[in-house]
Amino acid sequence: MALRVAVVGGGPAGSSAAEILAKAGIETYLIERKLDNVKPCGGAIPLCMVSEFDLPDRIIDRKVRKMKMISPSNVEVNIGGTLKDEEYIGMCRREVLDGFLRDRAISYGAVLINGTMHKLEIPTSSKGAYTLHYADHSDGSLEGTAKTLQVDLVIGADGANSRVAKAIDAGDYRYAIAFQERIRLPDDKMAYYEDLAEMYVGDDVSTDFYAWVFPKYDHVAVGTGTMSPNKADIKKLQAGIRARAAAKLRGGKIIRVEAHPIPEHPRPRRVVGRVALVGDAAGTVTKSSGEGIYFAAKSARMCAEAIVEFSENGSKIPTEADLKVYIKRWDRQYGITYKVLDILQTVFYRSDATREAFVEMCSDLDVQKLTFDSYLYKTVVPANPLIQLKITAKTIGSLIRGNALAP
């Protein structure tokens, strides 16, 4: 028998999974509702993703080599002096990145379905087929034509509001809201952001995370993240970042306003039966940095690789236990990264005093190098023990000076 897999969601996660499956010759269906989807997202990708996922230069709008961390009292720390000439953070537009990854999966044989999945019917037997009920939008209509698809495995890559997750009762998670305005700036103002990204911290711009000004192709993305679902709170925080960056954004024109939920931790169940969740649907976004693109694509790739392995290139149906191997491998490889970032957020985003301490700490070159290396290459870099000791001492010193250790 030939294995049939449906991947629901055609973002970086879904497309990365579909590519691996199709490459192995597995019958793969990629279901995506909006083929021109523009997700509100900082759009930053680490250097390791460019090489690991073989991304061409043309999909990277900007190569950011300089960052400014700006404290609640507007102390600015320049970061990036430790970067080598060939190192950078890639800035991309999601519609460009997503389109490229999706097209590549299709080129390997994945079948694209422009549709919205409404219902996932769970089989009653261990080998029975899963039935997806979906609206096919290939005729260009919003309501679409009702159709069904039968498969042996389902990968849910359908984001924070995942219908696949609901269908398998994967459990809920807390999520943050990312709100962003895309602003086209006059040429002289845009030149300032040529290869520079800014991150602002403070209760006025984000009570839980940070706010950002990230350069794109011909505009900047200005946004904030918050755990508050209250629209008035979000508007207030966005007004805060606009006020803090006002001089640099003067004369700018808003060309798009976007908002989206961002998961805060993994779902309680990421594999149920022969259904696996990846990316935002699984809850792979990191704390503290709020990074999601690389981890979404990587989780999906690891899931698809496990399916190829345990199905013996599509010749048999993997079991729930087989699919859970992907979760074990994922947690083993990245569990520590998530823990460290969770602690960082808890310690440094508690108050404006702790945020001042955090920004002060970022001025240290050893801290910068460690931070950039772990971001660019996704490794918890084994620094020289003396440097680690120095960083620990500097962290504690910064917290004490900022009177940030008070409960």
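The values are calculated or read from the model by the stated rules, or taken from the named source; none is laboratory data. All of these numbers come straight from a predicted model, not from anything done at the bench. All Cβ positions, even for glycine, are placed from backbone atoms using ideal geometry, and neighbour counts span all protein chains on display.
Brief remarks follow.
- Residue within the stretch 65-74 that is in contact with a Lys or Arg (Cβ under 9 Å, 6 or more places away or on another chain) and closer than 20 Å to Ser299 by Cα present: no
- Residues that are part of a strand (DSSP E or B) and either among the β-branched types (Val, Ile, Thr) or surrounded by fewer than 22 Cβ atoms within 10 Å (Cβ to Cβ) (or both), drawn from the stretch 200-211: Val201, Thr207, Asp208
- Scope the stretch 230-248; condition touching a residue at least 40 places away in the same chain (Cβ under 8 Å), in a helix (DSSP H, G or I), closer than 23 Å to Lys189 by Cα and aliphatic (A, V, I, L, M); matching residues: Leu237, Ile241
- Criterion (under 30 Å from Gln150 (Cα atoms) and either out of contact with any helix residue (DSSP H, G or I) (no Cβ under 7 Å at 6 or more places or on another chain) or assigned to a helix (DSSP H, G or I) (or both)) met by exactly one of Val347, Val308: Val308
- Some residue of the stretch 96-105 being part of a strand (DSSP E or B), touching a Ser or Thr at 6+ places or on another chain (Cβ under 9 Å), surrounded by 15 or more Cβ atoms within 10 Å (Cβ to Cβ) and modelled with pLDDT of 95 or more: no
- Where a residue in the stretch 217-229 is hydroxyl-bearing (Ser, Thr, Tyr) and its partner, wherever it lies, is surrounded by fewer than 23 Cβ atoms within 10 Å (Cβ to Cβ) and outside any strand (DSSP E or B), with Cβ under 7 Å and at least six apart: Tyr217/Asp61; Tyr217/Arg93; Thr224/Gln238; Thr226/Asp233; Thr226/Ile234; Ser228/Ile234
- Of the strands (runs of 3 or more DSSP E) lying entirely inside the stretch 136-193, those containing at least 1 residues that are within 19 Å of the chain's Cα centre (by Cα) are 153-156, 175-184.
- The test for being in contact with a Gly (Cβ under 6 Å, 6 or more places away or on another chain) and in the same structural domain as Thr131 (by TED's automatic domain parsing) does not hold for Gly283.
- Here Arg250, Arg274, Arg301, Arg242 are screened, and the one residue that is surrounded by 21 or more Cβ atoms within 10 Å (Cβ to Cβ) and either under 22 Å from the mean Cα position of the chain (by Cα) or outside the structural domain of Ala357 (by TED's automatic domain parsing) (or both) is Arg274.
- Subset of the stretch 41-93 (residues that are among the basic types (Lys, Arg) and assigned to a loop (DSSP other than H, G, I, E, B)): Arg65, Lys84, Arg93
- Qualifying residue in the stretch 39-52 (condition: over 18 Å from the mean Cα position of the chain (by Cα) and buried (at least 18 other Cβ atoms within 10 Å of the Cβ)): no
- Test: Gly251 is in a strand (DSSP E or B) and not acidic (Asp, Glu): no
- Checking every residue in the stretch 318-328 against the condition of being of a type in the set (Ser, Thr, Tyr), over 30 Å from Asp204 (Cβ atoms), at pLDDT below 95 and surrounded by fewer than 21 Cβ atoms within 10 Å (Cβ to Cβ) gives zero matches.
- For the stretch 350-361, a tally of residues being at pLDDT 85 or above and not in a helix (DSSP H, G or I) returns 1.
- Residues of the stretch 167-193 satisfying the condition of being among the basic types (Lys, Arg) and either touching a Phe, Trp or Tyr at 6+ places or on another chain (Cβ under 7 Å) or exposed (fewer than 15 other Cβ atoms within 10 Å of the Cβ) (or both): Arg174
- Residue in the stretch 259-267 that is charged (D, E, K, R), over 20 Å from Ser15 (Cβ atoms) and modelled with pLDDT of 90 or more present: yes
- Inter-residue pairs, beta-carbon under 8 Å, first over 17 Å from Pro318 (Cβ atoms) and in the stretch 272-283, second β-branched (Val, Ile, Thr) and buried (at least 24 other Cβ atoms within 10 Å of the Cβ), 6+ apart: Ala281/Val164
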